[in-house]
Amino acid sequence: MTQSTSSEWIARSLRSVWHPCTQMQHHEEVPLIAVSHGKGPWLYDYDGKRYLDGISSWWVNLFGHANPRINAALKDQLDKLEHAMLAGFTHAPVVELAERLSKLTGHALGHATFASDGASAVEIAMKMSFHAWRNAGKPAKQEFVCLQGSYHGETIGALSVTDVPLFKDAYGPLLRASHVVSAPDARNAGEGETAQDVARRAILEVKELFEQRGDNIAAIIVEPLVQCATGMAMYDPLYLKLLRDLCDQHHVHLIADEIAVGCGRTGTFFACEQASIWPDFMCLSKGISGGYLPLSLVLTRDDIYQAFYSEDITRGFLHSHSYTGNPLACRAALATLDIFEEDDVLNRNRELATKMTIALAPLAEHERARHFRQRGMIFAFDAIEPDKDRASTFSRRFFSTAVENELLLRPIGRTVYLMPPYVLDDEDVAGLAARTIKTFESVIAA
Ligand SMILES: *Cc1c(COP(=O)(O)O)cnc(C)c1O
């Protein structure tokens, strides 16, 4: 059997695969990378080149590629049950996962609804919120609120609560309008203002909106603590606390989209814990399966579950997907939760994050970088690129240069961020920081 080279796979991919989030013509200049295998934080191509996965393969991988413990769990599951439908049937992995996640919320969120992609979880939360109000005799509550710069996925419903023009504008006519309120982005602090001041200022807008439209609003959806896709905009937990109070006062559901920030990414297992609140709906995906298989879910308060419990089939939540609760995906998630417990991951990550922050200090102080920020295992800064043309190509140039330096980083606009897997050793930390600094220096100097 002859081994295909990277260039052969790339050519075949460009002929047959429509890649996500990509203007395909850009691949006339920026080559694809054909991954042959992965190990720990590294990805390898067919020519033997390697890349340090500084963004956890789009924020999903927590414990490295080809993790032996997750692999073993999946191989065991494979010989027992690959899949069975979840309507009328159940199985151990889905039950155990729902129980363990509920326990992690102190049983504040008692039931889990399963799907496969993050966007589907957002759709479920939105439909459930509306339907719960309808079942409660308040069918007028049909509007949704999101934050400036929010990202909740690419399906029609999720896109309607997304505020990223690049992803949204082309489909504007297809989308239902939602209310967009100011983000509490700590970078908006004026002279002498703290992140908490920004949070207090931003919440006033929500208060005003709820006072005017509360009877028509079903839910507000937020990405707790870090709005990742808009460029790692971070904000103070106080905002979530104040938001929870307002939602209670005005009978508006709070949907926490923890798809990116959950699973330890911000330092606590759920980002909401840092505000000592629980939402009415919590969406999880990405890291929940350790980066192995498509899995998403919505955790819901039991009073909402009860609002659907009835003799009447139309009061039930009839939403479904074919692969709902897939046993392999759930087993990968259980193995992921096992690692969190066995390795005391949240505590170990605190040390790891400190080491990363120290290693990245030259960027925090760099004259061409501003707003260096960190929360848990997310690190970001904004490049200063005064030239307009160079600013617009910054991300692509950075990506290409990073690849030359054995590094996978993919800036969002001029925001360079690192969101590495939680398995970096000291050598990886030093290598990741050195490669990032070297890449940044050559991109701004070029
Ligand atoms: C990635 C993401 C989604 C969408 O998840 P997909 O699996 O890509 O559909 C939704 N919300 C947030 C906050 C995300 O980061």
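Just so it is clear, none of the values below were taken in a lab; they were calculated from the coordinates. Keep in mind the model is a prediction, meaning the values are calculated, not measured. Counting neighbours? That spans all protein chains shown, and the Cβs are built from the backbone with ideal geometry, glycine included.
By other beta-carbon atoms within 10 Å, ranking 24, 282 with the fewest at the front produces 24, 282.
Since only 172, 356, 319 are under comparison, the one whose Cα sits farthest along the positive direction of the charge dipole of the chain, derived from C-beta charges on Lys, Arg, Asp and Glu, is 172. Normalised by 2.2 N^0.38 Å, where N is the number of residues, the C-alpha radius of gyration of the stretch 324-446 stands at 1.23.
Taking 27 Å as the cut-off for C-alpha to C-alpha distance, list the pairs among 103/138; 355/388; 39/103; 241/286; 286/438; 388/438 that go past it. Kindly include the intermediate steps, with their values, before the conclusion.
On the way: 103/138 31 Å; 355/388 34 Å; 39/103 32 Å; 241/286 25 Å; 286/438 29 Å; 388/438 23 Å.
Listed pairs above 27 Å: 103/138; 355/388; 39/103; 286/438.
Neighbour counts of C-beta atoms inside 10 Å place 342, 385, 96, 311 in the sequence 311, 342, 96, 385, starting with the fewest. Considering only chymotrypsin sites (Phe, Trp or Tyr not before Pro) in DSSP loops that have at most 14 other Cβ atoms within 10 Å, the longest stretch of the chain without any of them is 90-308.
The fewest-to-most ranking of 280, 79, 245, 197 by surrounding Cβ atoms within 10 Å reads 79, 245, 197, 280. In the stretch 248-317, the ratio of gyration radius to Kirkwood radius, Rg to Rh, stands at 1.06 when only Cα atoms are counted. The sum of -39500 (n - 2.57) across all DSSP H runs of n ≥ 4, divided by the residue count of the chain, sets its helix-only mean residue ellipticity at 222 nm to -12500 deg cm²/dmol.
Under Stokes-Einstein, with the Kirkwood radius over Cα pairs as Rh, the value for the stretch 36-154 at 20 °C and 1.002 mPa s is 117 µm²/s. A simple count of charges around residue 398, restricted to other residues whose Cβ falls under 12 Å of its Cβ and scoring Lys, Arg +1 and Asp, Glu -1, yields +4. Taking only alpha carbon atoms, the chain gives an Rg to Rh ratio of 0.96, where Rh is the Kirkwood radius.
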